Amino acid sequence: MCIFEFNEEKYMKMERENAYQSGLENGIKSGKKEGRREGENKLLELFKVLTACGRSEDINHALKDRNYLVQLYEEYHL
């Protein structure tokens, strides 16, 4: 014979914690995906502007130098 004591309060607390953790992980994944998409769009917009202004050489410079990329974002208010 097996005696099993079920603690509903403890079980519900574990279920809430698991649901919270799952939601948190999904939110983080979703946020990262959206952040990457926004970053890609920002970079494409910068490259379009630089190309239109005849500053194609700045694209190569920005690809090699992250500080220069940030400087260009500021220059073009992106």
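The values are calculated or read from the model by the stated rules, or taken from the named source; none is laboratory data. These figures come from a predicted structure and were not determined experimentally. For neighbour counting, all protein chains shown are included, and Cβ atoms are generated from backbone atoms with ideal geometry for every residue, glycine included. Remember, those area values only see protein heavy atoms, side chains included, never the ligands or the DNA or RNA. Shrake-Rupley method; radii C 1.70, N 1.55, O 1.52, S 1.80 Å.
Observations on the model:
- Within the chain: Cβ-based charge dipole about Cα centre, in debye rounded to nearest 20 (Lys, Arg +1; Asp, Glu -1): 240 debye
- Residue-averaged 222 nm ellipticity for the chain, from DSSP H runs of 4+ at -39500 (n - 2.57), nearest 500: -28500 deg cm²/dmol
- Along segment 46-53 the Karplus relation, 6.51 cos²θ - 1.76 cosθ + 1.60 evaluated at θ = phi - 60°, assigns HN-Hα couplings of 4, 5, 5, 5, 4, 5, 5, 8 Hz to successive residues, with x for each Gly and Pro.
- Accessible surface ranking that places the most exposed of Ile28, Ile59 first, with a 1.4 angstrom probe: Ile28, Ile59
- For the chain, the solvent-accessible area works out to 89 Å² per residue, with a probe of 1.4 Å and every protein chain left in place.
- Within segment 3-74, chymotrypsin sites (Phe, Trp or Tyr not before Pro) in DSSP loop having at most 10 other beta-carbon neighbours inside 10 Å: Phe4, Phe6
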